[in-house]
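Below is one structure, written out as structure tokens; comments come after it.
The values are calculated or read from the model by the stated rules, or taken from the named source; none is laboratory data. None of these values were measured; they are calculated from a predicted model. With ideal geometry, Cβ positions are generated from the backbone for all residues, glycine too; neighbour counts draw on all protein chains shown. SASA here: full protein model, heavy atoms, side chains in, ligands and nucleic acids out. Shrake-Rupley method; radii C 1.70, N 1.55, O 1.52, S 1.80 Å.
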Amino acid sequence: MPVLRIYEHGEALSRAAAELFAEQARAAVADRGRFVVLLAGGSTPRRAYELLAEEPLVSRVPWPDCHFFWGDERCLPEGHQLRNETMARQALLDRLPIPTTQIHPIRYHQKPAQAASDYVTELRRFFAGQSPRFDLILLGLGDDGHTASLLPGSAALHEQEQWTAVTRRPEEPFSRVTLTVPLLNRGACTVFLVSGRGKAAVLQSIFGATDTQGTLPAQFIRPDRAEAVWLVDREAASLLEEGHGGG
């Protein structure tokens with residue numbers, strides 16, 4: 001079973017996530033000389049990123065040895081407020097002395113398929129042609145059960161060969177590029193961040209499922225090294241039964 005940690009409110013959840021980030025970064029750099037993190041987008045991680053850019057945590061992370069990738073991105077121009085990259089830069093990256101060569105965004109120019117292909121090229125270059133393995137993977141959860149941009153019913157959910165895929169919601173005027181399930185299952189540490197009452201029903205579906213395979217996109221994330229860790233605030237956990245743990 002995944003590890004579930006419940007926090008009283010979003011601030012406590014964010015602080016726990018930021019502290020876990022710092023801990024994983026120090027351990028990875030000590031062990032392998034670098035820390036490679038896959039960032040999540042959405043609103044929930046923002047506060048954790050902000051805390052990482054402030055004391056006491058900012059001094060506890062070996063930033064010169066950190067490399068930043070993204071699990072997914074909206075196909076929108078650089079600097080657009082809906083881009084996951086923009087949020088991470090505002091909350092964290094632009095507040096740190098990190099060389100641009102250590103920041104690896106999913107770039108979009110004109111064609112989503114080209115953006116997906118270009119990111120594979122970037123991953124191959126960084127990981128020297130080997131299958132990517134991340135020291136920390138941060139993921140969110142949509143109220144429909146999606147994670148990264150693996151959307152319910154999307155063919156991308158079942159992609160086993162390609163590292164990236166293009167997805168799109170019918171109601172949105174833009175496509176998305178997402179890493180696929182095989183890559184998202186290759187994390188030394190995989191952490192879901194979930195907050196708000198709007199996530200309570202889907203979280204109940206995930207943790208109440210008797211079928212361990214599951215059909216929601218988030219249930220496809222079954223890391224090959226260790227169980228995923230779910231950091232959840234009390235509102236998101238409001239429909240779960242007692243006894244799942246706390247924080």
| said: Can you tell me which condition Glu54 does not meet? The list is (1) under 27 Å from Leu82 (Cβ atoms); (2) surrounded by fewer than 19 Cβ atoms within 10 Å (Cβ to Cβ); (3) in contact (Cβ under 8 Å) with a residue 12 or more places away in the chain, and all the others hold. | reply: (3)
| request: Take region 58-92 and flag every residue that is in a loop (DSSP other than H, G, I, E, B), surrounded by 19 or more Cβ atoms within 10 Å (Cβ to Cβ) and out of contact with any Phe, Trp or Tyr (no Cβ under 8 Å at 6 or more places or on another chain). | output: Gly71, Arg83
| message | Checking Ala113 against (1) in contact (Cβ under 8 Å) with a residue 40 or more places away in the chain; (2) surrounded by fewer than 20 Cβ atoms within 10 Å (Cβ to Cβ); (3) within 23 Å of Ala18 (Cβ to Cβ): exactly one of these is not met. Which one? | response | (3)
| task | For residues that are assigned to a loop (DSSP other than H, G, I, E, B) and under 14 Å from the mean Cα position of the chain (by Cα), scanning just region 146-161, find the one that is farthest from Ala40 (Cα to Cα). | result | His146
| Taking only pairs six or more apart or across chains, which ones have beta-carbon atoms under 6 Å, a first residue in region 121-143 that is closer than 11 Å to Thr190 by Cβ, and a second residue that is assigned to a loop (DSSP other than H, G, I, E, B) and among the small types (Gly, Ala, Ser)? | Asp135/Ala188; Leu138/Ala40; Leu139/Ala40
| request: State all residues of region 51-76 that are more than 16 Å from the chain's Cα centre (by Cα) and within 22 Å of Thr147 (Cα to Cα); if no residue qualifies, say none. | output: Cys75, Leu76
| What single numbered condition from (1) more than 24 Å from Phe126 (Cα to Cα); (2) surrounded by fewer than 17 Cβ atoms within 10 Å (Cβ to Cβ); (3) more than 18 Å from the chain's Cα centre (by Cα) fails to hold for Tyr7? | (2)
| Regarding Asp211, is this residue among the charged types (D, E, K, R), at pLDDT below 90 and either open to solvent by 20 Å² or more (accessible area, probe 1.4 Å) or not in a loop (DSSP other than H, G, I, E, B) (or both)? | yes
| task | Might you check whether a residue that is touching a residue at least 24 places away in the same chain (Cβ under 8 Å), farther than 30 Å from Glu19 by Cα and β-branched (Val, Ile, Thr) occurs anywhere in region 153-166? | result | yes
| request: Say whether the condition of being in contact with a Lys or Arg (Cβ under 9 Å, 6 or more places away or on another chain), assigned to a loop (DSSP other than H, G, I, E, B) and basic (Lys, Arg) is met by at least one residue in region 93-114. | output: no
| message | When the residues of region 120-145 are narrowed to those that are open to solvent by less than 20 Å² (accessible area, probe 1.4 Å), of a type outside the set (A, V, I, L, M, F, W, C) and closer than 20 Å to Ala27 by Cβ, which ends up farthest from the chain's Cα centre (by Cα)? | response | Pro132
| said: Restricting to region 173-208, count the residues that are over 13 Å from Gly142 (Cβ atoms) and open to solvent by 50 Å² or more (accessible area, probe 1.4 Å). | reply: 5
